[in-house]
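What follows is one structure encoded as structure tokens, with my remarks underneath.
Nothing in this text is a laboratory measurement; each read-out follows from the coordinates by a stated rule. Not measured: the values here are computed from a predicted model.
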């Protein structure tokens, strides 16, 4: 009996590594001799860097950068086991988790710290990058990141603009004279499952702005400002970002990468699955168990459970999904070789209680589902 354990984190509760460990315990309580292979996964967002570093035997470096609110925060980047590839998870420098409740402000939050991470990695000699986009607190179109890397964004008085998406309408000129020349000789693989354009009703501001604290009035301002930003970029580079797929990722930083970096975009979960060698580990497997905090209609847009299930389906290995909760539309995952989707909540409880008991709930649910699965498989 060979079972692959490949979950994402349960955000706000357990890391992907912790989820994997609890699932493993549940399996062993049902079948103590089962062969289990733990492959924690990320999809470009929170936990992706740690997953890739752990999978390749790499290292993590910590530095102080400018956080989304303009204050100093501790961030980090990873180096894969090859010693050559740098992994940056933008959320470590510019993420929502760095903004205290009640201080969300996409009009003023900045990606400057993400640019500082890239600059430090360049200073340390790295030329190959994996950039995970997700969990950002920003809507500045990547302007702060570009400023940290030497780009001058000037207003009509030839002064640099301040931080935040609320400042983009003041840009009159993009001065590339001091933009870090080392970037053109590097390779950037952008790990993101977001296909949204930069602007419009499905763009960065309208779709993601509210979860970053923007009111509807502010969403309209941010969208107009990103449109102006895209106009200036097109005038400067000839690249039109307005409707470009993926440009709206992480508050528009996806567009900044497309316009000013040598990049390749790839679905975040696929980047991780390649590095953890899921395909190879699926050989002779009887079952895959994956999961994340909430499984719903958003999961089918490239999140971890979908990516894992698709890989498993290609090898004719069934998948079971465990979730903290399930929402509308999760049933569509059954089209991808998923045989069962299970919430770990087993009785009425508060969110705080569910978070506190997540490990125990995972163990119990895992034991139940694998007992059921293998009973029917062998009878």
**OP:** Calculate how steeply helix 358-378 sits against the longest principal axis of the alpha-carbon atoms of the chain, using the helix alpha-carbon long axis, and give the answer as 0 to 90 degrees to the nearest 10.
**Re:** 50 degrees
Original post:
What angle do you read, to the nearest 10 degrees and between 0 and 90, between the alpha-carbon axis of helix 304-314 and the longest principal axis of the chain?
Top reply: 60 degrees
Original post:
If you count the DSSP beta bridges with both ends in segment 48-268, what percent of them are antiparallel, to the nearest 5?
Top reply: 50 percent
Subject >> Extension gain from residue 207 to residue 64, taking 0.36 nm per residue of separation minus the Cα-Cα distance >> reply: 48.4 nm
Original post:
Per residue Cα convex hull volume for segment 16-163, in cubic angstrom?
Top reply: 121 Å³
Original post:
Calculated from DSSP H runs of 4 or more alone, at -39500 (n - 2.57) each and per residue, what is the 222 nm mean residue ellipticity of the chain, nearest 500?
Top reply: -10500 deg cm²/dmol
Original post:
Antiparallel DSSP bridges in the chain: what percent, to the nearest 5?
Top reply: 35 percent
**OP:** Over all alpha-carbon pairs of segment 280-364, lay out the pair-distance distribution in 5 Å bins, whole %, shortest bin first.
**Re:** 3, 15, 26, 21, 17, 12, 5, 2, 0
**OP:** Could you work out the per residue convex hull volume over the alpha carbons of the chain, in cubic angstrom?
**Re:** 137 Å³
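Give the shape of segment 88-240 as rounded, prolate or oblate, defined through the alpha-carbon gyration tensor: a ≥ b ≥ c are the square roots of its eigenvalues, a/c under 1.5 means rounded, and otherwise the shape is prolate if a/b is larger than b/c and oblate if not. It would help to have the intermediate numbers written out before the result.
On the way: a/c = 1.57, a/b = 1.18, b/c = 1.34.
Verdict is oblate for segment 88-240.
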